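Participant: What follows is a single structure, and I will ask about it in a moment.
The values are calculated or read from the model by the stated rules, or taken from the named source; none is laboratory data. Quantities reported herein were computed from a predicted structural model and do not represent experimental measurements. For neighbour counting, all protein chains shown are included, and Cβ atoms are generated from backbone atoms with ideal geometry for every residue, glycine included. Each accessible area value is taken on the protein alone, full model and side chains, heavy atoms only, with ligands, DNA and RNA left out. Shrake-Rupley method; radii C 1.70, N 1.55, O 1.52, S 1.80 Å.
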Amino acid sequence: MDCIFCKIAKGEIDHNRVYEDEHTVAFLDVNPAVHQGGHTLVIPKKHYELITDVPEEELGALLSTVKRVSKALMKFGHGVNVVQNNGKVAGQVVPHIHFHVIPRFEGDEVKFCYWDVHKLDKEKMDEVHEKIKSLLNE
Ligand code: 5GP
Ligand code: ZN
């Protein structure tokens with residue numbers, strides 16, 4: 001499969017790897033969100049597209065690496081955002097699941113697309129409440 005992150009996981013390209021273990025690799029994003037750098041991507045070595053595709057054991061390993069990287073980046077900067085996009089509509093560009101771990105600095109001008117909030121009437125809120133609960137039990 002012609003996947004850029006599979007090639008990075010195999011060590012075929014990219015030299016900015018910062019961490020590796022049995023299941024995961026962490027490397028610097030080529031286009032960091034902060035001018036200070038340090039924006040890190042955490043991926044599974046095996047190719048999965050979405051968070052929902054990853055087996056529990058590997059997901060646990062991924063989160064453990066996200067925590068490890070976050071701990072380092074909290075010392076590199078002053079805070080951290082963890083961002084994970086699933087599907088084109090959610091902003092996913094590379095179809096190999098990845099967590100962005102982005103160090104934050106006082107006064108940085110990182111732009112996230114924050115959402116406008118919506119007020120749902122009680123009927124709609126109850127309907128959605130029931131729907132999500134039933135989807136969680138499927
Ligand atoms: P997405 O929008 O899919 O959540 O994020 C994909 C990320 O992968 C982007 O932040 C982009 O800069 C990064 N990226 C894409 N291609 C490469 C690459 O070849 N090397 C590295 N290090 N990062 C990449
Ligand atoms: Zn891949």
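Participant: Please find, within the stretch 2-33, the residue that is modelled with the highest pLDDT out of those that are in contact with a helix residue (DSSP H, G or I) (Cβ under 6 Å, 6 or more places away or on another chain), within 12 Å of ligand 1 (Cβ to nearest atom) and assigned to a loop (DSSP other than H, G, I, E, B).
Facilitator: Filtering first and then ranking leaves Ile13.
Participant: Among the residues of the stretch 12-33, count how many are open to solvent by less than 50 Å² (accessible area, probe 1.4 Å) and over 16 Å from the mean Cα position of the chain (by Cα).
Facilitator: Qualifying residue count for the region: 1.
Participant: Of Asn16, Asn31, which residue is without any contact (Cβ under 8 Å) to a residue 12 or more places away in the chain, within 24 Å of Val110 (Cβ to Cβ) and more than 12 Å from ligand 2 (Cβ to nearest atom)?
Facilitator: On the way: Asn16 fails: without any contact (Cβ under 8 Å) to a residue 12 or more places away in the chain.
Step by step, each of Asn16, Asn31 is checked, and only Asn31 is without any contact (Cβ under 8 Å) to a residue 12 or more places away in the chain, within 24 Å of Val110 (Cβ to Cβ) and more than 12 Å from ligand 2 (Cβ to nearest atom).
Participant: Gly91 versus (1) under 11 Å from Val42 (Cβ atoms); (2) small (Gly, Ala, Ser); (3) within 16 Å of ligand 1 (Cβ to nearest atom): which is the lone unmet condition?
Facilitator: Checking Gly91 against (1) under 11 Å from Val42 (Cβ atoms); (2) small (Gly, Ala, Ser); (3) within 16 Å of ligand 1 (Cβ to nearest atom), the one that fails is (1).
Participant: Conditions: (1) open to solvent by 100 Å² or more (accessible area, probe 1.4 Å); (2) in a loop (DSSP other than H, G, I, E, B); (3) of a type outside the set (Ser, Thr, Tyr). Glu130 meets all but one. Number of the miss?
Facilitator: Only one criterion in (1) open to solvent by 100 Å² or more (accessible area, probe 1.4 Å); (2) in a loop (DSSP other than H, G, I, E, B); (3) of a type outside the set (Ser, Thr, Tyr) is unmet by Glu130, namely (2).
Participant: Name every residue in the stretch 98-127 that is near ligand 1 (Cβ under 9 Å from one of its atoms) and assigned to a loop (DSSP other than H, G, I, E, B), in order of residue number.
Facilitator: Within the stretch 98-127, His98 is the sole residue that qualifies.
Participant: Next question, about the same structure. Collect the residues in the stretch 34-55 that are over 26 Å from His78 (Cβ atoms), assigned to a loop (DSSP other than H, G, I, E, B) and open to solvent by less than 40 Å² (accessible area, probe 1.4 Å), keeping them in residue-number order.
Facilitator: Narrowing the stretch 34-55 to residues over 26 Å from His78 (Cβ atoms): 44-55.
Those left that are additionally assigned to a loop (DSSP other than H, G, I, E, B): 45-50, 54-55.
Selection gives Tyr48, Val54.
Participant: Suppose the filter is in contact with a helix residue (DSSP H, G or I) (Cβ under 6 Å, 6 or more places away or on another chain) and at negative phi; does Val101 pass it? Please lay out each step first, then the result.
Facilitator: Values: in contact with a helix residue (DSSP H, G or I) (Cβ under 6 Å, 6 or more places away or on another chain): yes; at negative phi: yes.
Against the criterion (in contact with a helix residue (DSSP H, G or I) (Cβ under 6 Å, 6 or more places away or on another chain) and at negative phi), Val101 qualifies.
Participant: Taking the stretch 100-114 only, how many residues are open to solvent by 100 Å² or more (accessible area, probe 1.4 Å) and within 16 Å of Gln84 (Cα to Cα)?
Facilitator: Taking the stretch 100-114 first, the residues open to solvent by 100 Å² or more (accessible area, probe 1.4 Å) are 106, 109, 111, 113-114.
Those left that are additionally within 16 Å of Gln84 (Cα to Cα): 111, 113-114.
Residues meeting the conditions: 3.
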